[in-house]
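Report on one structure; see the data block that follows.
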Amino acid sequence: GAVVSQHPSWVICKSGTSVKIECRSLDFQATTMFWYRQFPKQSLMLMATSNEGSKATYEQGVEKDKFLINHASLTLSTLTVTSAHPEDSSFYICRIYRSSNTEAFFGQGTRLTVV
Amino acid sequence: GESVGLHLPTLSVQEGDNSIINCAYSNSASDYFIWYKQESGKGPQFIIDIRSNMDKRQGQRVTVLLNKTVKHLSLQIAATQPGDSAVYFCAERPPSSNTGKLIFGQGTTLQVKP
């Protein structure tokens, strides 16, 4: 099956800086990827749907200028948290979708801590 | 956005016992459901799935039951082991989703006592 690689697994950054998180589909060309955020002891909240070659679709309440998504190739989607603040500290997870297979695959997640 | 921003309920079971984790889903027209297991600090891991035209599906030590009448999904784990300790989420695919969009349930923390 498809394998997803998410990098970095954890990152600590200072307030006001930007952080880029990568999500790679290692053996499958993923036209659609999803980005989730998860706060401690809570469920996964969908942030946006990343579409290869087009603009991402953001969920209501998610600031597209703050959470920049780029899906320039069929194997890579990136999420950039711009001007990070402590309240952006969370666990960010990507997921790839494969239309020919109803299973969905998640990355390992990135723990972001903004200090 | 999707998801429920509530703290997760906890189910505590003795090693060797069977576990039943429940989930209420939101859309009566959802056609596909998945159970995921998430260990601390890791991404969710696929456990088992079921389509809406079925009411039961079995895997290795796990069984998923679907009751569409009351929009209820359950995950049964037989002979629960310490390695089963994790958070379990159900997810549903709404009928309008042609991109694989999934809505996640609240989640349940499973604690297995040795």
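The values are calculated or read from the model by the stated rules, or taken from the named source; none is laboratory data. In this text, all values refer to a predicted model and were calculated from it rather than measured experimentally. Every residue, glycine as well, gets a Cβ built from its backbone with ideal geometry; the counts of neighbours run over all protein chains shown. What goes into the accessible areas is simple: the full protein's heavy atoms, side chains included, and nothing from ligands, DNA or RNA. Shrake-Rupley method; radii C 1.70, N 1.55, O 1.52, S 1.80 Å.
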With the checklist (1) touching a residue at least 60 places away in the same chain (Cβ under 8 Å); (2) open to solvent by less than 30 Å² (accessible area, probe 1.4 Å) in hand, flag the one item B:D31 doesn't pass. (2)
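For every residue, the table says whether it meets (1) among the hydroxyl-bearing types (S, T, Y); (2) open to solvent by 40 Å² or more (accessible area, probe 1.4 Å).
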site	(1), (2)
A:F39	no, yes
A:T49	yes, no
A:K55	no, yes
A:E59	no, no
A:E63	no, yes
A:K66	no, no
A:I69	no, no
A:T75	yes, yes
A:T78	yes, no
Can you pull out the residues in the stretch B:71-92 that are modelled with pLDDT under 95 and among the aliphatic types (A, V, I, L, M)? B:A91
Is it true that some residue in the stretch B:38-60 is more than 14 Å from chain A (Cβ to nearest Cβ), hydrophobic (A, V, I, L, M, F, W, C) and open to solvent by 10 Å² or more (accessible area, probe 1.4 Å)? no
Quick check, is A:S83 at positive phi and at pLDDT 95 or above? yes
Residue that is modelled with the lowest pLDDT, among those in the stretch A:22-65 that are over 25 Å from B:K42 (Cβ atoms) and within 13 Å of the chain's Cα centre (by Cα): A:N51
All positions within the stretch A:23-64 that are facing chain B (nearest Cβ under 8 Å) and part of a loop (DSSP other than H, G, I, E, B): A:F39, A:K41, A:Q42, A:S43, A:L44, A:E59, A:Q60, A:G61, A:V62
Being open to solvent by 50 Å² or more (accessible area, probe 1.4 Å) and modelled with pLDDT of 95 or more is the filter; apply it to the stretch A:86-112 and report the residue that is nearest to the other protein chains (Cβ to nearest Cβ). A:R111
